[in-house]
Protein chains: 2
Amino acid sequence: MKVEPKTLAGFTDLLPWEASKKEKLLLIFRDVFKSFGFVPIETPHLEYLDILVGDKEEEINKQIYSFKDKGERLVGLRFDLTVPLSRYVVAHYAELSFPFKRYAIGNVFRGEKPQKGRLREFTQCDFDIIGSFSPSADAEILEIASKALTKIGIAHKIKVSSREVMNSYINTIQGEDKIEVILRALDKFDKIGEEGVKKELKKIGLSESEVKELFVLISIKDSNWRNALEQAEELAKGRSQVFTAGIKRLYDILEIAESGGAKNLSIDFSIVRGLGYYTGFVFEALAVDYPDIGSICGGGRYDNLTDRFSTGKIEKEGKIKGAVGAAFGVDRILSVLKEQESQLLDSLPSLFMVLGEEVSFTLAHSVAARARELGAAVYIYPERASFKKQFKFADKAGARFVLILGEEEVSAGFYTLKDLKTGEQKKVGSIEEVVNIYRKNL
Amino acid sequence: MKVEPKTLAGFTDLLPWEASKKEKLLLIFRDVFKSFGFVPIETPHLEYLDILVGDKEEEINKQIYSFKDKGERLVGLRFDLTVPLSRYVVAHYAELSFPFKRYAIGNVFRGEKPQKGRLREFTQCDFDIIGSFSPSADAEILEIASKALTKIGIAHKIKVSSREVMNSYINTIQGEDKIEVILRALDKFDKIGEEGVKKELKKIGLSESEVKELFVLISIKDSNWRNALEQAEELAKGRSQVFTAGIKRLYDILEIAESGGAKNLSIDFSIVRGLGYYTGFVFEALAVDYPDIGSICGGGRYDNLTDRFSTGKIEKEGKIKGAVGAAFGVDRILSVLKEQESQLLDSLPSLFMVLGEEVSFTLAHSVAARARELGAAVYIYPERASFKKQFKFADKAGARFVLILGEEEVSAGFYTLKDLKTGEQKKVGSIEEVVNIYRKNL
């Protein structure tokens, strides 16, 4: 019986040129992570459902792919890499050193309505520091974000805010119990705009003047973050110690991050990044030339990471309190690079070997083996085919060089190398020379 | 409510040093694949169940993690990367060029009884050539297997057999209908040994002399594959043309593979590699010094790959007939490397920065940024802590060098670099020099 070769809605195949770009992008991220002394970890794709589901996270629960396995265990596919991280650090507490700087790259699953640019399975690329409250840790996360985006050639800006600052400011306007609903309204800024948010705030019960007061903070958007923080500090005067301390901490973080090479930092208190989760500074990075693609990297401080899992002993030692981290939006970054027509991640052109019909595979494979030893990527067309067919294939595969090994070449002892870009074709005496030319033109 | 941070039986976390080794191993594999002109692809972890389940594959069906998703679709987690490959090449037939050389690295899921060294989620690393019947394609698979294992420093032997040869030979002894049960018995060689297999064969209905005849072929184990194939050819005389052709083809494959650099090839007709699936040559690679770990790479030719999915048009053009490929056993290879105490995949030691209590993070981050630009991996301890505590951490983290940035260093303008391996400590004038020393000692 024939089966239709379809994939599930929201799940997708990557074609070779897409998978190849993604692989190279992740390699660059890994290099940057490692240059900051971060180490990789891996956790399973499938976990006990109660590990994944938090108390209040009904929204998330609805999105989790969950089922009963054959042993009647209630299990689920991970929907992010942060919940598994929190389980991980508690489970392996004794084997790890804290502060623990790690990265994790893997696929996650969410049963959301699939939309353009939003799949049900997608790749996350997270980096976090667990077990530190220091602004040095916060700054390092910003440095990595900026350095990696710089390295892949995306002009970016990084908008920084702080939950500490926002919470304490809101607290001076309205009661503590309103913080969450107000943040929820602010989080819709991108979708419904300033007027929409204001309307929502009034619905919640804020007066015209309270909304206005709230917007004084949110509207501070000086491109110089030092100026922005000065304006915020003015606002803080006599208002709340927590607010002042929050501003001071933001200043420390940004100053350290900037000396560590983070670029294009700015303050934008309208950045909220979801609910509940974050406890300190938060940020989002955007591609300057493609703002519609949305945040391409985001994160912040979330100090209560391990609360659901940690045991008495760990809590007492307090070692894995304090967490800060972020994630790159791999698919969105690939979209930006595509829009930019970046060639950074393009495949290396291989040396494509074209064989005369009488030339043995034995000879071809031994020549190819030598070329590979010298550092070339060599493609041998495995079938017996005409020169024309082989050239056509090489061209379609995007090869830069064709190495012709025809009957004449073999009997006279030379190679013909054709540059498909320039059309130039020449006789070359040795495979060493062939690889030299190929490598020089990569 | 506290939740116990446990993982499901058969699922496991990787600690940083394990994940780091695995990452480096996969990088070496990728480099080898690319050097042969192979390209990566990706397919989803989750597929429609009827895509995954074949007609006769009840055994596999029982092992599949399957469930109904929230849209009442019957879905399953992939149990290998080959079934998704077959769906992929049919679905993307028009976008790909054939012969199509691809690799895929990803996790697969099998609800088997978890045992030592056999998990329910594990990583597969596959490489295949689709759309070629050529011995050049078969040989390339052997070359890649041997080259990658050589590159990671595992002494290996590659045992080659052929389904063509085995099937036609069995056919001359017993009827065609017995081939499958006989192969099934042979496949147990590793588990029940020669005597056990002989007993099974008799149970199937083979006479003493038929078993003896079967074992004439299986017992050919000359370490020189040319001699082994000569002996097999002798056996073939007057027996069957298919048998003779199968031996000739094996000869071609091994000769091409050897000229392409494949090492330690031998003939072993007891290699069966499961049922139904393979149609031509098959092979298994073993670590010479750790045979108990079992096959660390295996595969062969399986020409009917796309039958379940292919449509009339594709079948008529016949372009994606012919397939050959293999997979590395990532976890087993990591076990071998661990047994060998190989340091190939060990982490690069980072430059660990130790800060005086009065030295600012701002300064530390700017020095680190410069060192990273020069190519060092730098770890900054993010907390304020004593020299003693920071040194202890550096030591535990396996750092080779500690860069001391104390109050004295900052005011006098130098760096102190300590080599944790030799205990040597010296004053260094510039960060360039620090990185030079660090890089020279990687």
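Values as computed for the structure displayed
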{"quantity": "Nearest-0.05 FRET efficiency for A:Ser411 and A:Arg384, computed from C-beta distance (R0 22 Å)", "calculated": "0.70"}
{"quantity": "Degrees, to the nearest 10: A:330-339 long Cα axis against longest axis of chain A", "calculated": "60 degrees"}
{"quantity": "Cut-off 10 Å between beta-carbons: net charge of the residues surrounding A:Lys22, Lys and Arg +1, Asp and Glu -1", "calculated": "-2"}
{"quantity": "Angle in degrees between helix A:387-396 and the longest Cα principal axis of chain A, rounded to the nearest 10", "calculated": "10 degrees"}
{"quantity": "Percent RCO, i.e. relative contact order, over the stretch A:351-440, from Cα pairs under 8 Å lying at least 6 residues apart", "calculated": "34 percent"}
{"quantity": "Dipole axis of the protein assembly as shown (+1 Lys, Arg; -1 Asp, Glu on Cβ), positive-most option in B:Gln124, A:Gly260, A:Ser366", "calculated": "B:Gln124"}
{"quantity": "Mean separation of Cα contacts under 8 Å (6+ apart) over length of the stretch B:16-339, as relative contact order %", "calculated": "23 percent"}
{"quantity": "Radius 11 Å from Cβ of B:Ile333, net charge of other residues (Lys, Arg +1; Asp, Glu -1)", "calculated": "+2"}
{"quantity": "Per-copy distances of the A:Thr311 label point, shortest first, in nm (7 angstrom along Cα→Cβ)", "calculated": "5.8"}
{"quantity": "The stretch B:270-340 and the stretch A:21-42: distance between their alpha carbon centers, rounded to Å", "calculated": "30 Å"}
{"quantity": "Karplus-derived HN-Hα couplings along the stretch B:62-74 (A = 6.51, B = -1.76, C = 1.60, θ = phi - 60°), whole Hz, x at Gly and Pro", "calculated": "4, 8, 6, 6, 10, 6, 8, 7, 5, x, 6, 7, 7"}
{"quantity": "11 Å beta-carbon shell around A:Glu233, net charge (K/R +1, D/E -1)", "calculated": "+2"}
{"quantity": "Gained length - B:Val288 relative to B:Lys338, 0.36 nm times residue gap less alpha-carbon distance", "calculated": "16.5 nm"}
{"quantity": "Estimated [θ] at 222 nm from DSSP helical runs (n ≥ 4, -39500 (n - 2.57)) normalised by residues in the protein assembly as shown, nearest 500", "calculated": "-13000 deg cm²/dmol"}
{"quantity": "Centroid-to-centroid separation of the stretch B:409-431 and the stretch A:377-427 [C-alpha atoms, Å]", "calculated": "55 Å"}
{"quantity": "Label distances, nm, A:Glu358 versus same residue in remaining copies, Cβ-directed 7 Å point", "calculated": "8.6"}
{"quantity": "Kirkwood Rh and Cα Rg combined as Rg/Rh, the stretch A:118-161", "calculated": "1.04"}
{"quantity": "A:Phe189-A:Asn224 FRET efficiency (beta carbon distance; Förster radius 25 Å; 0.05 resolution)", "calculated": "0.70"}
{"quantity": "Whole-Å distance, taken between Cα centres, linking the stretch B:192-246 and the stretch A:112-126", "calculated": "54 Å"}
{"quantity": "Semi-axis lengths, Å, chain B, gyration tensor of Cα atoms, sqrt of 5 times eigenvalues", "calculated": "52, 26, 22"}
{"quantity": "Label point distance in nm, A:Lys62-B:Lys6, each placed 7 Å from Cα along Cα→Cβ", "calculated": "3.2 nm"}
{"quantity": "Check: the stretch A:351-440 dipole with +1 on Lys, Arg Cβ and -1 on Asp, Glu Cβ, in debye", "calculated": "420 debye"}
{"quantity": "Kirkwood Rh in Å, taken over the protein assembly as shown so that all alpha-carbon pairs contribute", "calculated": "30.3 Å"}
{"quantity": "Cα-centre dipole for chain A with unit charges at Cβ (Lys and Arg positive, Asp and Glu negative), debye to 20", "calculated": "520 debye"}
{"quantity": "Unit charges at the beta carbon, dipole of the stretch A:16-339: most positive-side option, A:Asn167, A:Ser97, A:Gly76", "calculated": "A:Gly76"}
{"quantity": "Antiparallel content of DSSP bridges confined to the stretch B:323-437, in %, to 5", "calculated": "50 percent"}
{"quantity": "Count, lysine Cα pairs under 23 Å in the stretch B:351-440, 8 or more residues apart or across chains", "calculated": "23"}
{"quantity": "For A:Gly274, inter-copy label distances in nm, listed shortest first [label point 7 Å out on the Cα-Cβ vector]", "calculated": "3.7"}
{"quantity": "Acute angle (nearest 10 degrees) that the helix A:135-151 long axis makes with the longest principal axis of chain A, alpha-carbon atoms", "calculated": "30 degrees"}
{"quantity": "DSSP bridge orientation in the protein assembly as shown - percent antiparallel, rounded to nearest 5", "calculated": "80 percent"}
{"quantity": "Rotation relating A and B, chain B residue nearest the axis via C-beta, angstrom", "calculated": "B:Phe67, 2"}
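Only the coordinates and a few stated rules stand behind these numbers; no lab work does. These figures come from a predicted structure and were not determined experimentally. We place every Cβ from the backbone using ideal geometry, glycine too, and count neighbours over all the protein chains shown.
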